[in-house]
Amino acid sequence: MNTKRIAIFASGGGSNAIKLLDYFEDSKNAEVVVLLTNNERAGVLDKTVDRVDQMIINNEGANDGEFLVE
């Protein structure tokens, strides 16, 4: 079985993102590989810096979806 790769989108404090990270932490079926936000001041960035790769995107860059294939 292939492990599913999950991206989490968050823009605030991160309580739901942290719950998702906790839930999938020991999963054999899925792993969270990146956290994306359009808010460079989102509290979730500080809370998850050591747990998952992070990417800050802006609305203009998100329009064409290029950030998804980098």
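Here are a few things to note about the model shown:
- Solvent-accessible area per residue, Å², over the chain with all protein chains present [probe radius 1.4 Å]: 75
- Viscosity 1.306 mPa s, 10 °C: Kirkwood-radius Stokes-Einstein D of the chain over Cα pairs, µm²/s: 126
- Karplus-derived HN-Hα couplings along the stretch 4-11 (A = 6.51, B = -1.76, C = 1.60, θ = phi - 60°), whole Hz, x at Gly and Pro: 6, 9, 10, 10, 10, 9, 8, 9
- Amide H partners (placed H, <5 Å) of Gln54, local residues excluded: Leu35
- Summing Cβ point charges (Lys, Arg +1; Asp, Glu -1) relative to the Cα centre of the chain gives a dipole of roughly 300 debye.
- Area of Asp22 that stays accessible when all protein chains are in place (1.4 Å probe, Å², to 10): 80
- Scalar couplings 3J(HN,Hα) for the stretch 52-60, obtained by applying the Karplus form with A = 6.51, B = -1.76, C = 1.60 to θ = phi - 60°, are 7, 4, 10, 9, 9, 10, 9, 4, 5 Hz; x denotes Gly and Pro.
- Carbon-plus-sulfur accessible fraction, the chain (probe radius 1.4 Å, protein heavy atoms only): 44%.
- Hz values of 3J(HN,Hα) by residue in the stretch 33-41 - Karplus curve (6.51, -1.76, 1.60), Gly and Pro given as x: 9, 7, 10, 10, 8, 9, 10, 5, 9
The values are calculated or read from the model by the stated rules, or taken from the named source; none is laboratory data. Computed from a predicted model, the values in this text were never measured in an experiment. With ideal geometry, Cβ positions are generated from the backbone for all residues, glycine too; neighbour counts draw on all protein chains shown. When the accessible area is computed, the model is the full protein with side chains, heavy atoms only, and any ligands, DNA or RNA have been set aside. Shrake-Rupley method; radii C 1.70, N 1.55, O 1.52, S 1.80 Å.
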